[in-house]
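Worksheet: one structure, shown below.
The values are calculated or read from the model by the stated rules, or taken from the named source; none is laboratory data. Keep in mind that this is a model prediction, so the values were computed, not measured. Cβ placement follows ideal geometry from the backbone for every residue including glycine, while neighbour counts extend to all protein chains displayed. All accessible areas refer to the heavy atoms of the entire protein, side chains included, with ligands and DNA or RNA removed. Shrake-Rupley method; radii C 1.70, N 1.55, O 1.52, S 1.80 Å.
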Amino acid sequence: MAAARATAPFLDRWRRVVERHPGCTIAVVGLACAAVYAGAFLTGASRGDAIRGDAVQYYAYLRSLVFDADLHFANEYERFYAEDSVWRTERTPTGRPPNMMSIGPALLWLPVFALATGLAWLASAAGIASPPDGYGLGLQVTAGLCGIAYATVGSYCCFRAAALRFPREAALWATLVAWLASPALYYTVVSPAYSHATTIFTMGVFVWAWMSGLGRVGARRFLLLGALAGLAALVRWQDAIVVLLPAVELLRGVIGRVTTPARAAGLGLCLAAGFAIGVSPQLIAWHAIYGSYVTVPQGSGFMQWTDPAIWAVLFSSRRGLFVWTPAVLLAAVGLVWVWRRDRLAGAGLTAVLAVAIYVNAAVADWWAGEAFGARRFISMTPIFAVGLAALGARVGGRRPGTVAVTTIALVAYNGLLLLQYQLFMRGHRDLVAYPTTYADVLIERLRLPFRLLWEWLGR
């Protein structure tokens, strides 16, 4: 007890320092993620290519644009896929290899990747390196580091959005939970070259921009919101649903007679125009690859709109949202207090989350293939942050330390699941179980530290 009383003042001082510098705290977390990611390749802990899985097709856009100045991915697929892969043989109506992923991440990574490529060429001209071909590990890692940077900046945007309605302290801890106690942690540290890290940025910027402008009805604002929504859809197509936020705002304005129907229609056109501008690079890319400006690259059977697996996508042990990410349950509860604090913000954010649940449940593989948790919900990180901030403000007002301790516990709990998942995927299958049953998902991670200790003592 004496030790606990002696430790309490130190922990309280630490908490206050963290809360006084939210931007620095988020930046430090982002730098730590970048160090872990890059360090894994520098030390040899992670061998082979940094670009794997779905990241291949995101990266194919990037490399093809910079090194080939086209959208023909035959050489990229030959480099990253095995000889018997269907991606090396299948062709679209235009005679090109297909690409099932979005072009948005590549466009957002492009400035840093182009700079890194230029530096590599300078090093080659100086005779200290080979000419870059876009396949080197250094450039591959650059794409991943860009993803981590966007996840970090996006998390800061989530914090700023939550801090618009709730105390900064609650907003900070909520952001850390939404980011680090969810599947977003894996896609920030382990697989940042997927689109999920970058979508934290595009969705975070949009929610922050929308919430900060509530009450200001102007054509310029709705044009900007449309462009930001288009950018979000450019990174992950289903994120187009964020246009519901300004749409709900316009509808409420008409119902409340704050805005005339004609004025709302004009603002809606501005929103649509901005969206069309933002999403246009994807339409151009689709036309080049598939011969059509609008398509579903995965095929018509990819979406099963009349048979959504809503219960499974939320509660299944097969990467159900609430099972793999219990913190989201707290965020859902918090949205009730968001509604009480700001009815428009609460209604809009709840509507977007509800539609996201339906859309993700309607995908044929609602479990998202091989994944760490419900990865398709990472787009909802800013909404989770606002909901958690609302709940944290209600609890933290009476017990400020409780929110910090709960955050640490939730992040640690998620970190243990990440460790369990990684150990299994890297071949330690005699040590841990793959998260399949509810017990595997919720309890197995708590046994893992003791198993690791026993393993270490046994050696």
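Whenever you get a sec, compute what percent of the accessible area on region 288-357 sits on carbon and sulfur atoms (1.4 Å probe).
Roughly 65 percent of what the probe reaches on region 288-357 is carbon or sulfur.
State the extension gain, in nm to one decimal, for the chain segment bounded by R451 and F322, taking 0.36 nm per residue of separation less the distance between their alpha-carbons. Provide the component values of the computation, followed by the final result.
Details: separation 129, 0.36 × 129 = 46.44 nm, distance 2.63 nm.
Full-extension gain reported as 43.8 nm.
Relative to the present Cα-Cα distance, how much length would full extension add between Y438 and R341 at 0.36 nm per residue of separation? Could you put the intermediate results ahead of the total?
On the way: separation 97, 0.36 × 97 = 34.92 nm, distance 3.54 nm.
Fully extending the segment from Y438 to R341 adds 31.4 nm.
Quick check for you: with a 1.4 Å probe and neighbouring chains kept, what is the accessible area per residue of the chain, in Å²? The partial results should precede the final answer.
Values: 20600 Å² over 459 residues.
Per-residue value: 45 Å².
Provide the gained length on full extension for the span D307 to I284, in nm with one decimal, where the gain is 0.36 nm per separating residue minus the Cα-Cα distance. Before the final figure, lay out the partial values.
Values: separation 23, 0.36 × 23 = 8.28 nm, distance 3.15 nm.
Answer, rounded to one decimal: 5.1 nm.
Over the heavy atoms of V36, what accessible area does a 1.4 Å probe trace out, to the nearest 10 Å²?
Counting only protein heavy atoms, the figure is 90 Å².
In percent, what relative contact order does the chain have, based on Cα pairs under 8 Å that are 6 or more apart in sequence? Numbers along the way, then the final one.
Numbers: 686 pairs, mean separation 80.4, N = 459.
It rounds to 18 percent for the chain.
Tell me the label-point distance for the pair L137, S124, using the 7 Å Cα-to-Cβ offset, in nm and rounded to one decimal.
Output for this residue pair reads 1.9 nm.
I'd like to know which of L423, T436, P246 lies farthest towards the positive end of the charge dipole of the chain, counting +1 on Cβ of Lys and Arg and -1 on Cβ of Asp and Glu.
Result: P246.
Accessible area of M425, 1.4 Å probe, to the nearest 10 Å²?
About 80 Å², rounded to the nearest 10.
Using a 1.4 Å probe on the protein chains only, how many percent of the accessible area of region 118-163 belongs to carbon and sulfur? Could the numbers behind the result be given before it?
Numbers: 1290 of 1860 Å².
Carbon-and-sulfur percentage of accessible area, whole number: 69.
Using just the helices of the chain, give the 222 nm mean residue ellipticity in deg cm²/dmol: DSSP H runs with n ≥ 4 each add -39,500 (n - 2.57), and the total is spread over all residues, rounded to 500. Walk me through the numbers before you get to the answer.
On the way: 20 runs with 308 residues, N = 459.
Theoretical 222 nm ellipticity from helices: -22000 deg cm²/dmol.
Could you pull the Cα extents of region 330-459 along its three principal axes, largest to smallest, in whole Å?
So the extents along the principal axes, rounded to whole Å, are 58, 44, 19.
Translational D (Stokes-Einstein, µm²/s) of the chain at 20 °C and 1.002 mPa s when Rh comes from the Kirkwood sum over C-alpha pairs?
92 µm²/s
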